[in-house]
Amino acid sequence: MNPNGNCVKPGRFFPSLNRLLIPALFFAAITPAWAERGADRGADNEFNFSWLDTDKKIYVLQNRRYLKANHILLSGMLGVGMSNPYRDVLGFDPRIAYYWSEAFGIEVFYSIFSNSPNATSKALSQTIPNASPVTRDLKSQLGGLLHWAPWYAKINVFNQILYFDWYFTAGLGQMTMSTRPSSGATFTETPIAFLLGTGHQYHVSQDWVVRLDLTSSIYSGKILGNSGENAFFSNFNFVAGLGYRL
């Protein structure tokens, strides 16, 4: 019935409905295609990752939240020696580093160590009282390192986002050791060592980082301490501590 009170014939009502329904169905059908084409054009213009993968998989690139470049990093580290067969070794390792870019930096350190007989040394003394193995007690170490930090990432730890750098190091250092040969008096050695290492810097804030570091020292010495052939020895130090970025 129209507003004037007259009845509307079905033949006049349904054609009007069809004129509205058919265009609506048409636009509903082509809208997804338009959206897909628009997304492709947006991806081509703003988020084109084809240079990463020819299969055009989706990658998420992240900006650095905490920056190292043009900053000085002061670190205090504590750790253990891991390669002396007859000694328990504890060390204190203050460091200072400077990064001129996010990937490269330099670091200098001076380590102080304390040594005590470990379980192997005590067992040897009890089993063979007259045994006198060659021991080298590392007293201190001064070194310089080149840092290369190729990887920066973030991980979820207990629902907290943790940002970290993974770096590699190489350099030179001088070791000071108290060497007890198999025969003769104890003497001091100061070999030059080639240094290799790796470590993590976990960024707590822009100023503070938590550090883990493993550094190996490769040096030359006589097999019997004060005699015998020369051989290459290695010393591994694992340290952890805090760093403050200026």
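Rounded, prolate or oblate for region 139-246? Axes are the square roots of the Cα gyration tensor eigenvalues, ordered a ≥ b ≥ c, and the cut-off for rounded is a/c under 1.5.
Taking the square roots of the gyration eigenvalues as a ≥ b ≥ c, region 139-246 is prolate.
Short version: ³J(HN,Hα) in whole Hz for each residue of region 228-234, in order, from phi by Karplus 6.51 cos²θ - 1.76 cosθ + 1.60 (θ = phi - 60°), x for Gly and Pro, what are they?
Per residue, the Karplus-derived 3J(HN,Hα) values read x, 6, 7, 8, 9, 10, 10 Hz.
Using a simple spin-label model with points 7 Å from Cα along the Cα→Cβ vector, what separation in nm is obtained for Arg64 and Thr198?
So the label points at Arg64 and Thr198 sit 2.1 nm apart.
Tabulate in residue order the Karplus-calculated ³J(HN,Hα) for region 107-115, using 6.51 cos²θ - 1.76 cosθ + 1.60 with θ = phi - 60°, rounded to whole Hz; enter x for Gly and Pro.
After applying 6.51 cos²θ - 1.76 cosθ + 1.60, I find 8, 10, 8, 9, 9, 10, 10, 10, 10 Hz.
Looking at region 117-225, which chymotrypsin sites (Phe, Trp or Tyr not before Pro) are DSSP coil and have at most 14 other C-beta atoms within 10 Å of their C-beta?
Those that pass, being in a loop and sparsely packed, are Phe158.
If the chain between Tyr98 and Ala170 were fully stretched, how many nm would it gain, using 0.36 nm times the residue separation less the Cα-Cα distance?
24.4 nm
Tell me which residues come under 5 Å, amide H to amide H, from Asn226 once H is placed; ignore anything under 5 positions away on its chain.
Result for Asn226 returns Ser182.
Taking the Cα centre of region 111-227 as origin and charging only Cβ (+1 Lys, Arg; -1 Asp, Glu), how large is the dipole, in debye to the nearest 20?
320
Work out the FRET efficiency for Thr190 and Ser132 from their Cβ-Cβ distance, taking R0 = 22 Å, and round it to the nearest 0.05.
0.45
Measure off 7 Å from each Cα along the Cα-to-Cβ vector at Val157 and Ile112, then give the distance between these two points in nanometres to one decimal.
For Val157 paired with Ile112, the spin-label model returns 2.9 nm.
Which cross-chain or sequence-distant (5 or more) residues have an amide H under 5 Å from the amide H of His147, H modelled 1.01 Å from N in plane?
Counting only residues 5 or more places away or on other chains, the set is Gly105, Ile106, Glu107.
Compute the distance in nm between two label points, each set 7 Å from the Cα along the Cα-to-Cβ direction, one at Leu142 and one at Asp88.
About 3.1 nm, to one decimal.
Where does each of Val209, Val134, Val157 land when they are ranked from fewest to most other beta-carbon atoms within 10 angstrom?
Least crowded to most crowded, the residues run Val157, Val134, Val209.
Length gain on complete extension for the stretch Leu246 to Asn230, per 0.36 nm per residue less the alpha carbon to alpha carbon distance?
My answer for the length gained is 1.4 nm.
Which of the listed residues, Ile155, Met177, Thr120, is farthest toward the dipole's positive end in region 51-185, when Lys, Arg count +1 and Asp, Glu count -1 at the beta-carbon?
Value computed over the given set: Thr120.
Every number here is computed from the coordinates shown, using simple stated rules; none is lab data. Quick caveat: nothing in here was measured; it's all calculated off a predicted structure. Cβ: placed from backbone, ideal geometry, glycine included. Neighbour counts: every protein chain shown.
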